[in-house]
Each structure stands twice: as structure tokens, then as C-alpha cells.
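Q: Before I ask anything, let me first share the structure, which is written out below as C-alpha cells.
The values are calculated or read from the model by the stated rules, or taken from the named source; none is laboratory data. Because the structure is a prediction, the values reported are computed rather than measured. Ideal geometry is used to build each Cβ from the backbone, glycine not excepted, and the neighbour counts take in all protein chains shown. Accessible surface is based on the protein model in full, side chains and every heavy atom, while ligands, DNA and RNA are left aside. Shrake-Rupley method; radii C 1.70, N 1.55, O 1.52, S 1.80 Å.
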Amino acid sequence: MLQAVRRAGADVLSSCEQGTCGTCLTPVLEGRPDHRDSVLAEHERAANDCMLPCVSRSCGGRLVLDL
């Protein structure tokens, strides 16, 4: 997802690009992320209000990020 966001023109910081550093943590405005990182705690994942786009994806057809 991070590559697609960058191709669309958004400037998102990242470092490891493996879901371990948390640098690309991005607020989620709408939709449900498929969390595949090792940074967020279970309660943070359940809140569905942020994600790491370097490794995570969308669980549905629409995911709106605050970029």
C-alpha cells in the first residue's frame, strides 16, 4: 500500500518498510485495515484508527487515510 500511496503523490515517511519501526504510522478516517505489522498492540488494531501502510492492507473495498 505504501508504494501505491506514494505513486498517488502522497509523501509518507518510512524507514524499515517491514512493519517493525512505526515510522509510517498513518491515521485511518474510514474503512477497516488488515493489520500486518508488529508495532501496534491488539487494542490499537481493534480501534481501526491508524495503520502502517508499509505492510498493511484494506479489509474492504474502501480505506480512507489521513494523508
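Okay, residues lined up against (1) touching a helix residue (DSSP H, G or I) at 6+ places or on another chain (Cβ under 8 Å); (2) of a type in the set (D, E, K, R):
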residue: Ala8; (1), (2): no, no
residue: Leu13; (1), (2): no, no
residue: Cys16; (1), (2): no, no
residue: Thr20; (1), (2): no, no
residue: Thr23; (1), (2): no, no
residue: Leu29; (1), (2): no, no
residue: Asp37; (1), (2): no, yes
residue: His43; (1), (2): no, no
residue: Pro53; (1), (2): yes, no
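Q: Same structure, new question: Restricting to segment 1-12, name every residue that is under 12 Å from the mean Cα position of the chain (by Cα) and part of a loop (DSSP other than H, G, I, E, B).
A: Answer for segment 1-12, where residues must be under 12 Å from the mean Cα position of the chain (by Cα) and part of a loop (DSSP other than H, G, I, E, B): Met1, Val12.
Q: A further question on this structure: In segment 13-38, what residues are under 17 Å from Ser58 (Cα atoms), open to solvent by less than 60 Å² (accessible area, probe 1.4 Å) and in a loop (DSSP other than H, G, I, E, B)?
A: Matches in segment 13-38: Gly19, Cys24, Gly31, His35, Asp37.
Q: In addition: Please determine, by comparing only the residues of segment 39-52 that are surrounded by fewer than 17 Cβ atoms within 10 Å (Cβ to Cβ) and part of a loop (DSSP other than H, G, I, E, B), which one is farthest from the chain's Cα centre (by Cα).
A: Applying the filter and picking the extreme gives Ala41.
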